[in-house]
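Input: a single structure, listed below in structure tokens.
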Amino acid sequence: MASLQEKIGYALGDAAAGGITWKIMSIAFPLFFTNVFGLTFADAATLMLIARMFDVVTDPLMGSLADRTQSKWGTYRPWLIFGAIPFGLVFALLLYTPDFGLTGKRIWAYSLYLLMMAMYTAVNVPYGSLLGVMTDDDNEKNQFSSFRMVGAYAMGFITLLSFPYLQRLVGGTEQHQYAVLGVFFGVIAAAGTLACGLMTKERLKPIRAEKFSFKQYGDLFKNKPWIILTLIGICTNFFNGFRYAVVGYMIEYCLNGEVTVSGLIINYTVFMTFGELTCMIFGGLSPAFTKFVGSKRMAFMMAALICVVFSVAFFFVPMNPGYIWVMVALVVLTSVGIGLYSPLLWSMYADVADYATEKNGTSSTGLIFSSGTMAQKFGTAISGSLVALFLGMAGASIITDDMGNTMVDPASITDSVLTMVWSLFSLFPAVIAGLIILLTWIYPIKK
């Protein structure tokens, strides 16, 4: 039986990766790269697309490599222990804007973004795989997954809520603000990752396939539960990816900038913190909800249905700052569904890993969990790339002002662009959530 301290330690891993680095990369990077760093919409879209193709190769390789690691720290923990500092350092560098021309900035952004994706893979694939070797008890797996999601959403809440206030505290240009906050959050992310590696235990020894073989990759595509769950994972991240990638533009253009209500600054990060807090609460309630419903599969479908209903409802809210609390309420209600299904996804990956071990005779835990990480990055970044693409198709364009700063041309923000932004936050995610329901319905593991 794992201790509370170990469960908290496991939660710190996703507090660092999901609650800090990934949250900032998901919500701030589309706006940061175009409005602060100085890339065009096309550059930002291409960058995220190339990074996803890069992940298609690196994530499965990392999973196979992690499965074959042997050390006195275990199989998966050493990647967290020794990857923590490089992970935080690269993140800090990615939020720094060098004084280069457009070509130099492109090289910097592409190189650092790809390196950040590699570092994220190097710590997050082993982190997810830990769930498969810490316990063989299904209820305890659900508890670890729940702690993981609570950690991610709690830190996401803190990160997003504090971000605009920390920007004002730092002062100076936006480029300076992001650079300083990159260092600040990078240090916290490194500390959380290291603490996770030191505070957790590997109790189960995987049945290793010591020699590398491409057969294991072929086995994945014969594994029906893995195929369906990977598609579900991609969809869940498309759902969040669209919302987080477009919310900055939504506040900036649809609501005419940050809204101040009774002294509370509601910008794009604070707006989403209401959802983070809700996800944290309902992520903690997910095991009880699943037990009440009777199965992970049914609980997942019911949670996704909540996302469909309230995402569609958001589309019909007027684009007016006076309705800000209606918008917040719908974000909260949508996040009830997200909070309920998020822990289930990783617990279901553990089920698929157990299924694969029974079927093939050797463990492929790291490889299977790598597909979860790949789905996370693929869904988030492709949706971010599509947001930039769709906004460009709707008519938004980039200009350079008299000081040489790159910015969105205000004259290009037409009604069609505003409608596209609003739809990307509501209708597009609703369709994705509907697809999640269909995929979960045919998922064959009935636990």
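The values are calculated or read from the model by the stated rules, or taken from the named source; none is laboratory data. For clarity, every value in this text was computed on a predicted model and none was experimentally measured. Note that each Cβ is placed from the backbone with ideal geometry, even for glycine, and that neighbours are counted across all protein chains shown. Please note that ligands, DNA and RNA were not included when accessible areas were found on the heavy atoms of the full protein model with its side chains. Shrake-Rupley method; radii C 1.70, N 1.55, O 1.52, S 1.80 Å.
Kindly state, to the nearest 0.05, the FRET efficiency for Lys447 paired with Trp73, given R0 = 41 Å and r defined as their beta-carbon distance.
According to the calculation, E is roughly 0.85.
Would you mind giving the three semi-axes, in whole Å and largest first, of the ellipsoid equivalent to the range 96-140 according to its Cα gyration tensor? Write down the numbers at each step before the final one.
Working: eigenvalues 309, 11, 7 Å².
Over the Cα atoms of the range 96-140, the semi-axes work out to 39, 7, 6 Å.
Spin-label point model (7 Å from Cα, Cβ direction): what's the Val183 to Phe82 distance in nm?
2.8 nm
Once the Cα atoms of helix 77-94 and of the chain are each reduced to a long axis, what angle between those two axes, in degrees from 0 to 90 to the nearest 10, is obtained?
The two axes meet at around 10 degrees.
Could you give the alpha-carbon Rg of the chain over 2.2 N^0.38 Å, rounded to two decimals?
Cα Rg divided by the expected 2.2 N^0.38 Å: 0.94.
Across all directions of projection, what mean area in square nanometres is found for the Cα convex hull of the range 303-348?
Mean projected area for the range 303-348: 3.2 nm², to one decimal.
Applying 1/(1 + (r/R0)^6) with R0 = 22 Å to the Cβ-Cβ distance of Met53 and Ser111, what FRET efficiency is obtained, to the nearest 0.05?
0.90
With the crude spin-label approximation of a point 7 Å out along Cα→Cβ, what separation in nm comes out for Lys201 versus Thr173?
Reported label-point gap for Lys201 and Thr173 is 5.3 nm.
Enter the angle in degrees (range 0 to 90, nearest 10) between the Cα long axis of helix 224-249 and the first principal axis of the Cα atoms of the chain, meaning the one along which they spread out most.
20 degrees
Ranking request for peptides 65-76, 303-314: highest mean number of other beta-carbon atoms within 10 Å first, then the rest in descending order.
Going by the mean number of other Cβ atoms within 10 Å, highest first, we get 303-314, 65-76.
If packing is taken as the average number of other Cβ atoms within 10 Å across a peptide's residues, how do 42-51, 153-162, 170-179 rank, most packed first?
153-162, 42-51, 170-179
Given a Förster radius of 51 Å and the C-beta distance between Ser262 and Met393 as r, what FRET efficiency does 1/(1 + (r/R0)^6) yield to the nearest 0.05?
The value I calculate is 0.85.
At 20 °C and 1.002 mPa s, what whole-number value in µm²/s does Stokes-Einstein give for the translational diffusion of the range 42-140, with Rh from the Kirkwood sum over Cα pairs? All intermediate terms of the calculation are to be shown ahead of the outcome.
Values: Rh = 15.1 Å.
Answer from the Stokes-Einstein relation: 142 µm²/s.
How long is the gain from Asp415 to Met319 if the chain were fully straight, where each residue apart is worth 0.36 nm and the alpha carbon distance is subtracted?
So the extension gain works out to 33.5 nm.
On the protein heavy atoms, probe 1.4 angstrom, tell me the percent of accessible surface of the chain carried by carbon and sulfur.
Values: 11800 of 17080 Å².
Summing carbon and sulfur atoms, their accessible area is 69 percent of the total for the chain.
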